Amino acid sequence: MAFGTYRKGARAERELVAFFSSHGFAVIRAAGSGVNSLSPDLLAFKRGKQYAIECKSWDRKSLSFEKERVRQMADWEETTGITYLIGWRVSREGWCLFPIHLLEEQEKTFTITLSKAKLAGRKPEELV
């Protein structure tokens, strides 16, 4: 991963941490997120609400994940019982959060278009 891409992603993660923290959530940013694909980037908890969030800052029309990564996310959600969300940040548009089951299986990946994510996903404000 390019260093600039890592910095952009880490900045986006910190932005989401600050948002949830400012709304009374206890938030954990996973050590080594972006490197260790076994755990989500963020965990956010507040009185019965609990989210595991994989953060992506990606200015494209679609977002794709390797099939093995999506399987790991689904297994993590099943094991913990914590809702696993993808948080997609697009420049000048902000965040869209959606459950992993909205990803559509392709030949080699699971993918979602930006238009579908915006239509079916939720803004962070809707989760607090």
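Each value in this text was obtained by applying a stated rule to the coordinates, not by laboratory testing. Here the structure is a predicted model, which is why all the values come from computation and not from measurement. Here the Cβ positions follow ideal geometry from the backbone for every residue, glycine too, while neighbour counts run over all protein chains shown.
What does the charge count near residue 17 come to, summing +1 for each Lys or Arg and -1 for each Asp or Glu among other residues with Cβ under 12 Å from its Cβ? Mind dumping the intermediate values first?
Values: positive: 11, 14, 29; negative: 13, 15, 41.
Combined, the nearby Lys, Arg, Asp and Glu give 0.
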- Query: Which net charge results for the neighbourhood of residue 52, defined as the other residues with beta-carbon distances under 10 angstrom from its beta-carbon, given Lys and Arg at +1 and Asp and Glu at -1?
  - Reply: -3
- Message: Helix-only estimate, please: 222 nm mean residue ellipticity of the chain, summing -39500 (n - 2.57) across DSSP H runs of length 4 or more and dividing by its residues, to the nearest 500.
- Response: -10500 deg cm²/dmol
- Item | Distance histogram in 10 Å bins (all Cα pairs of segment 75-119, percent per bin) | 25, 47, 26, 2
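Tally Lys and Arg at +1 and Asp and Glu at -1 over the other residues with C-beta under 9 Å from the C-beta of residue 97: what net charge comes out?
+1
Counting other beta carbons within 10 Å of each Cβ, put 101, 23 in order, fewest first. Mind dumping the intermediate values first?
Values: 101 11, 23 14.
By the 10 Å Cβ count, ascending: 101, 23.
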- May I ask you to compute the full-extension gain from residue 79 to residue 47, defined as 0.36 nm times their residue separation minus their alpha-carbon distance, rounded to one decimal in nm? 9.5 nm
